[in-house]
Amino acid sequence: MTFEHLLDGAEVLAQNGDPSVSGVEYDSRRVKPGCVFVAMHGETSDGNRFIDQAIQAGAVAVVTDSPAEKPREGVAWAVVPHGRRALARLSANFYKRPAERIAITGITGTNGKSTTAFLIESILTADGRKSALIGTIEYHVAGHVYPAPHTTPEALELARLLNEALGLGATDAVMEVSSHALAQERVFGVPFDVAVFTNLTRDHLDYHKTMDEYFAAKRVLFEGCGTDAPRATVTNLDDEYGAKLAAFSRKRSAVVLTYGWERGDFHAQNVDISPRGTRFDMATPQDKIPIFSPLIGRVNVYNILAAAAACYARGCASQAIASGVESLTHVPGRFERVDCGQPFTVVVDYAHTDDALRNLTALAREFVSRGGGTARVVTVFGCGGDRDRAKRPLMGDAAGRGSDFVVLTSDNPRSEDPRAIINDALVGLQKTGVKYSVEVDRRKAIAMAIGEARPGDIVLLAGKGHEKVQVTRAGSHPFDDVEVAREALRASGFECEQARSAGNQA
């Protein structure tokens with residue numbers, strides 16, 4: 001492919017040279033001879049600082065979003081107004097526009113994206129289709145599993161993944177689309193066939209500043225990011241922002257499907273939630289589908305409704321929807337049970353917002369109440385560093401109101417002092433009057449909670465879920481709440497046979 005062919009459709013302010021190119025990179029450390037290097041301004045760094053390193057590594061062309069940069073001798077050159085948009089166009093062109101050759105379902109919202117994505121993938125499989133899944137927990141490409149460095153990858157990695165999926169016979173792709181990715185135009189030029197909205201609660205206001213900005217970023221998925229609006233929109237009528245999106249999308253999408261607990265095109269009837277799973281009748285525009293899911297909790301009824309509506313929009317049969325929902329037994333780090341034969345329940349969950357903590361503790365309270373005794377909810381949680389400080393007391397309040405005993409600890413403190421983060425959350429926690437302890441060391445905090453547990457209690461380890469590292473000032477260190485819980489249970493004399501729990505998840 002030539003440089004000019006690679007630039008087809010990109011906004012170019014100036015260009016010279018037309019060498020043959022063998023690849024596209026935006027990280028100078030990955031450049032190989034024959035590559036085009038896309039130098040763009042990022043959130044925390046400027047790729048234009050590494051142009052000369054890329055050329056030394058063998059780049060034959062440079063695309064820059066900095067007019068101040070002067071062309072280098074012997075290297076093709078292009079100046080563009082938007083670096084990320086250019087990266088998206090070049091990546092699409094290099095891989096023969098894979099996003100236009102596969103049906104993509106995008107999911108956005110504060111909570112529920114991962115579980116909804118896993119459910120959609122399971123339903124598509126039950127309907128006989130091959131698919132790719134791209135999200136927070138991991139990436140799946142037609143049976144291959146890769147680690148997920150970002151919820152939504154940069155345009156180059158996305159094009160590579162979709163191209164690989166097509167080569168393996170995939171017809172569909174399911175993507176979690178984060179607000180950061182939408183605001184940063186990482187999915188510029190990606191045509192979504194179906195767009196799904198789960199809910200919007202306070203999160204990421206360190207980045208978006210206000211809820212209106214946060215919602216505006218999410219709404220881009222339904223407007224189209226350098227493309228037409230999605231063919232079909234699926235949105236949650238029980239969420240105020242979801243209701244706004246339904247009205248917004250009716251002017252743009254050919255199909256608009258709504259869902260809710262008791263209303264919407266897809267809604268639930270005769271709901272029965274037990275520790276063994278969730279059962280209900282799902283009303284759809286065509287029929288009523290009996291649903292059983294090993295996933296538990298009210299939030300998962302919403303996730304199932306969203307996934308079912310999305311797959312209905314993709315033409316999946318009712319039988320495939322029911323079968324796919326039932327086939328998904330767990331989602332890593334979502335209400336994941338750690339069972340070592342102890343007489344109390346230990347659960348790892350990704351809940352890292354006040355709304356998610358309220359939902360998690362409410363589900364735990366429902367379970368301990370079924371016993372009719374004095375069983376308690378014991379919650380371990382912390383707040384992330386370098387993130388929205390204002391949500392910390394809200395999380396403290398949510399944990400305190402939903403629990404009988406709380407251990408306040410570190411999550412991913414990043415560059416901040418863990419004690420300062422804890423003090424912010426403590427303001428909300430103390431107002432609830434709940435009994436609590438503070439332990440900065442998360443490993444010790446988990447051991448403390450497990451040591452505190454009595455028969456029948458439920459211990460919630462909230463905030464990190466599927467994550468395998470803890471991020472501190474010193475860098476990233478291996479840390480898995482599931483494995484740390486197992487260590488604490490072993491130290492308490494319980495036997496942990498299996499490598500990782502596969503119990504009910506939410």
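The values are calculated or read from the model by the stated rules, or taken from the named source; none is laboratory data. These numbers come from a predicted model, not from an experiment. Glycine also receives a Cβ, built like all others from the backbone with ideal geometry; neighbour counts cover every protein chain displayed. For accessibility, only protein heavy atoms count, side chains too; no ligands or nucleic acids. Shrake-Rupley method; radii C 1.70, N 1.55, O 1.52, S 1.80 Å.
Quick notes on this structure:
- Pairwise FRET efficiency - GLU483 versus ASP272, Cβ, R0 = 45 Å, nearest 0.05: 0.85
- When the P(r) is computed for the range 307-463, the part past 26 Å accounts for 32% of the Cα-Cα pairs.
- With every protein chain in place, the range 122-204: carbon and sulfur % of accessible area (1.4 Å): 53 percent
- Relative to the dominant Cα principal axis of the chain, helix 83-94 is inclined by about 80°.
- Per-residue ellipticity at 222 nm, computed for the chain from helices alone with -39500 (n - 2.57) per DSSP H run of at least four residues, works out to -10000 deg cm²/dmol.
- Rounded to the nearest 0.05, the FRET efficiency derived from the C-beta distance between PHE292 and GLU366 at R0 = 22 Å is 0.75.
- Spatial extent of the range 404-460: Rg and Dmax, with the Cα atoms as the point set, Å: 12.0, 39
- Dimensions in Å of the range 388-485 - Rg and Dmax from alpha carbons: 13.2, 39
- Bridge type composition, the chain - antiparallel percent by DSSP, nearest 5: 35 percent
- Considering all C-alpha pairs of the range 222-263, those separated by over 13 Å amount to 48%.
- Surface accessible to a 1.4 Å probe, per residue, for the residues of the range 285-408, Å²: 34 Å²
- Cα-based Rg and Dmax for the chain, where Dmax is the largest Cα-Cα distance (Å): 23.9, 79
- Where N is the number of residues in the range 1-89, Cα Rg divided by 2.2 N^0.38 Å: 0.93
- Translational diffusion coefficient (Stokes-Einstein; Kirkwood radius from C-alpha pairs) of the range 41-126 at 37 °C, 0.692 mPa s, in µm²/s: 202 µm²/s
- Taking Cβ atoms as reference points and 12 Å as the exclusive limit, the residues near ALA322 contribute a net charge of -2, counting Lys and Arg as +1 and Asp and Glu as -1.
- Within the accessible area of the range 331-462, the carbon and sulfur atoms contribute 47%, probe 1.4 Å, all protein chains present.
- Here is the P(r) of the range 79-151: all C-alpha pair distances, binned every 5 Å from 0, give 3, 13, 19, 21, 20, 13, 7, 2, 1, 0 in whole percents.
- One way to sum up the overall shape of the range 135-274 is the equivalent ellipsoid from its Cα gyration tensor, whose semi-axes run 25, 19, 17 Å, largest first.
- Distance-filtered residues of the range 312-354 - backbone nitrogen under 20 Å, label point 7 angstrom along PHE494 Cα→Cβ: 330-351
- For the range 117-215, radius of gyration divided by Kirkwood radius, i.e. Rg to Rh on alpha-carbons: 0.99
- With contacts taken as Cα pairs under 8 Å and at least 6 residues apart, the chain reaches a relative contact order of 11 percent.
- Net charge of Cβ neighbours under 12 Å - reference LEU245; Lys, Arg +1; Asp, Glu -1: +3
- Angle between the chain longest axis and helix 298-313 axis [Cα atoms, degrees, rounded to 10]: 40 degrees
- C-alpha long axis of helix 418-431 to longest principal axis of the chain, angle in °: 50 degrees
- With coordinates expressed along the principal axes, the C-alpha atoms belonging to the range 242-396 extend over 48, 37, 26 Å, beginning with the largest.
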